[in-house]
There are 2 protein chains.
Amino acid sequence: MKSLCLALFGAALLTQVQATVVTKTISYRQGDTELRGYLAYDDSLTGDKKAPGVLVFPEWWGVSDFVKGRTEALAKLGYVAFAADMYGDGQTTTDPKKAKELAGAVAGKPSMGERAQAAYDQLIKTGLVDESKMAAIGFCFGGACSQILAYSGVPLKGMVSFHGALVPASVEAAKKNQAKFLILQGALDPLVPEAARTAFLKSMDDGKFDYQFLSYSGAIHAFMNPDADKARANGLEGVGYNPEVAARAWAQMQLFFKEIFNPSSQGT
Amino acid sequence: MKSLCLALFGAALLTQVQATVVTKTISYRQGDTELRGYLAYDDSLTGDKKAPGVLVFPEWWGVSDFVKGRTEALAKLGYVAFAADMYGDGQTTTDPKKAKELAGAVAGKPSMGERAQAAYDQLIKTGLVDESKMAAIGFCFGGACSQILAYSGVPLKGMVSFHGALVPASVEAAKKNQAKFLILQGALDPLVPEAARTAFLKSMDDGKFDYQFLSYSGAIHAFMNPDADKARANGLEGVGYNPEVAARAWAQMQLFFKEIFNPSSQGT
């Protein structure tokens with residue numbers, strides 16, 4: 001009985017020690033728009049030191065539970081992560097029509113770059129991050145957002161696009177960009193067709209970007225998100241969760257972060 | 001003086017302990033052809049246990065110092081590595097005309113598959129490898145050799161092609177193949193042009209291969225090999241060493257081996 005109590009106490013203590021991911025909804029602004037982002041970090045890993053900061057740009061659904069989960073996962077890896085609100089008031093939706101409307105109001109407009117910048121500024125403002133070690137990741141529409149942020153010239157070390165919409169870089173963007181790019185695509189993604197990839201990669205080559213373009217067999221759009229299957233069941237075509245590819249892509253991001261945040265540790 | 005002696009002695013001892021990569025030239029046969037391959041393993045890492053076995057298929061120069069170096073590097077990672085002789089008598093050359101002749105005598109012929117098989121059999125025969133954990137890697141022409149071996153249906157867990165010639169898989173090959181594929185290409189490789197990649201990837205998709213296709217910006221052919229620059233200076237076009245990409249590709253292989261040899265450790 002005593003050893004059982006000790007075991008239970010030990011397990012409870014361990015759980016307490018492990019439950020150190022701090023999460024906060026942060027209100028900030030872009031122009032007249034109130035934004036609500038989601039911050040996560042693990043202070044048992046970061047301690048008093050400034051940690052690398054990672055921006056998380058969401059799919060067109062907004063800062064969903066999936067996005068929050070990934071933000072927390074980044075915190076557990078030792079990063080200070082901030083999921084950006086691209087819509088205002090932290091709006092989210094599971095309705096593809098509404099998502100299309102929300103994303104469409106931003107995509108390709110000045111507010112896209114401005115809200116991405118606002119997220120970057122907000123993450124710096126927390127005072128928790130090492131400004132020389134910043135990165136941006138994005139899923140789907142969020143992939144495009146992270147590309148746009150990189151093209152604006154903010155001092156990102158890296159940009160990771162998970163089954164992202166691909167935005168070809170202009171000559172101007174190529175000059176300003178400071179980030180290394182990691183582009184992770186499903187080989188069979190019907191929402192990012194061959195022509196889009198070719199145009200994107202041409203702009204990457206012409207602009208002399210440092211990129212790694214990885215195509216995963218069998219994967220379609222939204223391969224990172226377990227909720228993609230639900231969306232497909234509800235009629236949204238071309239999306240589907242792929243757990244093996246999701247695990248590979250997440251491991252790929254970690255390898256990339258190891259390189260961009262610790263260049264001296266890159267071994268052969 | 002005494003502390004200097006102790007320091008020197010300690011350094012010598014450390015060197016002795018570290019110098020545990022065993023290398024052997026192994027004679028074996030394919031049909032009437034005498035072959036000479038190069039085996040490497042680190043018995044301080046493998047000990048009494050059977051380790052994963054990795055075949056190394058060389059560039060068209062043969063089992064060169066570069067190939068031997070990579071074979072030894074694999075040994076230091078804990079694998080039992082065997083560089084295959086695809087030409088007979090361990091022939092090597094630095095003359096592109098001779099290399100073209102040697103490779104041409106084998107490429108696409110029955111001897112290509114037979115010599116790849118002979119290397120596989122020889123590695124098994126050492127008794128040092130875990131037969132359920134075998135992989136093949138190849139550089140350039142060697143990339144094609146490792147694809148051919150995978151297509152023959154030997155139980156490889158994985159195949160890594162470093163700037164390899166790409167051999168589209170037939171329907172038969174797709175049925176027999178057991179390996180996961182990691183294809184690492186230089187984005188600007190003129191010796192593996194767009195049409196070749198497209199045809200290869202189509203066969204991969206049609207045959208439902210499990211693959212990851214990674215294109216590295218700025219890299220051309222033979223990006224792994226420091227000697228590529230010498231070859232280019234001597235008139236061979238389209239080749240060039242890229243140390244940053246080489247480091248990334250080697251790290252990529254290690255990540256891939258972690259997945260294929262330890263599937264239960266794949267995390268999110």
Evaluation of B:MET204 against (1) touching a Leu at 6+ places or on another chain (Cβ under 8 Å); (2) free of Cβ contacts under 8 Å to residues at least 40 places away in the same chain; (3) within 12 Å of chain A (Cβ to nearest Cβ); (4) closer than 30 Å to B:ASP121 by Cβ (one fails), failing number: (1)
Residue that is more than 21 Å from B:LEU149 (Cα to Cα), of a type outside the set (Asp, Glu) and without any contact (Cβ under 8 Å) to a residue 40 or more places away in the chain, where the choices are B:TYR211, B:TYR241: B:TYR241
Residues within segment B:218-235 that are buried (at least 23 other Cβ atoms within 10 Å of the Cβ) and either within 21 Å of A:GLN252 (Cα to Cα) or touching a Ser or Thr at 6+ places or on another chain (Cβ under 6 Å) (or both), tallied: 3
Test for A:PRO155: is it in a loop (DSSP other than H, G, I, E, B), away from every other protein chain (no Cβ under 13 Å) and closer than 25 Å to B:ILE183 by Cβ: no
Some residue of segment B:31-43 being part of a strand (DSSP E or B) and among the polar types (S, T, N, Q): yes
Identity of the residue in segment A:153-168, aliphatic (A, V, I, L, M) and surrounded by fewer than 24 Cβ atoms within 10 Å (Cβ to Cβ), that ends up farthest from A:CYS140 (Cα to Cα): A:VAL154
Members of segment B:60-80 found to be out of contact with any Ser or Thr (no Cβ under 7 Å at 6 or more places or on another chain) and part of a helix (DSSP H, G or I), listed by number: B:ASP65, B:PHE66, B:VAL67, B:LYS68, B:GLY69, B:ARG70, B:THR71, B:ALA73, B:LEU74, B:ALA75, B:LYS76
Residue check for A:GLY238: surrounded by fewer than 22 Cβ atoms within 10 Å (Cβ to Cβ), at the interface with another protein chain (Cβ under 10 Å from one of its Cβ atoms) and farther than 21 Å from A:ALA136 by Cα: no
Test: residue in segment A:132-151 that is in contact with a helix residue (DSSP H, G or I) (Cβ under 7 Å, 6 or more places away or on another chain), part of a strand (DSSP E or B) and surrounded by fewer than 24 Cβ atoms within 10 Å (Cβ to Cβ): yes
Only one of A:ALA246, A:ALA228 that is over 23 Å from A:ALA169 (Cα atoms) and within 11 Å of chain B (Cβ to nearest Cβ): A:ALA246
Enumeration of residues in segment B:50-75 that are surrounded by 24 or more Cβ atoms within 10 Å (Cβ to Cβ) and polar (S, T, N, Q): B:THR71
Among residues of segment A:158-190, those that are over 26 Å from B:ASP210 (Cβ atoms) and within 10 Å of another protein chain (Cβ to nearest Cβ), counted: 1
Enumerated helices (runs of 4 or more DSSP H) restricted to segment B:169-268, each holding at least 3 residues that are within 22 Å of B:GLY69 (Cβ to Cβ): B:228-233, B:243-261
Residue within segment B:113-125 that is more than 24 Å from B:GLY207 (Cβ to Cβ) and assigned to a loop (DSSP other than H, G, I, E, B) present: no
Every pair of residues 6+ apart whose Cβ atoms lie under 8 Å, when the first sits in segment B:53-67 and is in contact (Cβ under 8 Å) with a residue 12 or more places away in the chain and farther than 14 Å from B:LEU39 by Cα while the second is part of a loop (DSSP other than H, G, I, E, B) and of a type in the set (Gly, Ala, Ser): B:GLU59/B:ALA222; B:GLY62/B:GLY90
Neighbours by Cβ (under 6 Å, 6+ apart or cross-chain): first from segment A:75-90, without any contact (Cβ under 8 Å) to a residue 24 or more places away in the chain; second crowded, with 24+ Cβ neighbours inside 10 Å and assigned to a loop (DSSP other than H, G, I, E, B): none
Any hit, segment A:191-198, residues being of a type in the set (Lys, Arg), under 21 Å from the mean Cα position of the chain (by Cα) and more than 9 Å from chain B (Cβ to nearest Cβ): yes
From the options B:SER215, B:SER161, B:SER152, residue that is within 16 Å of the chain's Cα centre (by Cα), within 22 Å of B:PRO58 (Cα to Cα) and among the hydroxyl-bearing types (Ser, Thr, Tyr): B:SER161
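None of the figures in this text is laboratory data; all of them are computed from the coordinates on show. No experiment lies behind these values; they were computed from the predicted model shown. Here the Cβ is made from the backbone with ideal geometry for all residues, glycine too, and neighbour counts use every protein chain on show.
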